[in-house]
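The structure appears right after this line, and notes come after that.
The values are calculated or read from the model by the stated rules, or taken from the named source; none is laboratory data. Everything numeric in this text was worked out from a predicted model, so none of it was measured. Cβ placement follows ideal geometry from the backbone for every residue including glycine, while neighbour counts extend to all protein chains displayed.
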Amino acid sequence: METSNTESTPPAHKPDGDPAGPARNRWQPSRMGYRWVVRNVGFLLFLAALAVVYIYNGHYADKISRDLSRTNKELKELQYEYKTLKSEVMFRSKESELAKAVAPFGLKELTQPPFVLTDSIQK
């Protein structure tokens, strides 16, 4: 009856703490990992492109938000200007203000009602 040497001896522990792994250092790239990366280069490039699009989309959204904020600010300023000008026009178009504005030209407000002119030659 023959016994195998591997069954009787316990597995030896390596100093790097990997009892069941190969005899290589943990920091060396494995052949399996390299093959996996090579096989999935297309997918990894797709993920990189997706990350770039994601970053671009974030920057684009920030830009749109800034533009929207700037446009809203300009709109409010134009609304204030419109209201100011409208109130000024309404004030200047009052009858008393118009009389003051045309007084230097020698125009006065009528005190009697207007009358119709008729042609005395035509009958």
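Could you please tell me which pairs satisfy a Cβ distance under 7 Å, a separation of 6+ or placement on different chains, a first residue in the stretch 107-123 that is free of Cβ contacts under 8 Å to residues at least 60 places away in the same chain, and a second residue that is among the aliphatic types (A, V, I, L, M) and surrounded by 10 or more Cβ atoms within 10 Å (Cβ to Cβ)?
That search, which allows pairs on different chains as well, returns GLU109/ALA99.
Residues are listed down the side, and each one gets a yes or a no for (1) at pLDDT 95 or above; (2) of a type in the set (Gly, Ala, Ser); (3) within 13 Å of the chain's Cα centre (by Cα); (4) under 30 Å from GLU109 (Cα atoms):
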{"site": "LEU50", "(1), (2), (3), (4)": "yes, no, no, no"}
{"site": "TYR54", "(1), (2), (3), (4)": "yes, no, no, no"}
{"site": "GLY58", "(1), (2), (3), (4)": "yes, yes, yes, no"}
{"site": "GLU74", "(1), (2), (3), (4)": "yes, no, no, no"}
{"site": "GLN79", "(1), (2), (3), (4)": "yes, no, no, no"}
{"site": "TYR82", "(1), (2), (3), (4)": "yes, no, no, no"}
{"site": "SER87", "(1), (2), (3), (4)": "yes, yes, no, yes"}
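Can you confirm whether the stretch 3-25 contains a residue that is basic (Lys, Arg), at pLDDT 95 or above and surrounded by 10 or more Cβ atoms within 10 Å (Cβ to Cβ)?
No, because not a single residue in the stretch 3-25 is basic (Lys, Arg), at pLDDT 95 or above and surrounded by 10 or more Cβ atoms within 10 Å (Cβ to Cβ).
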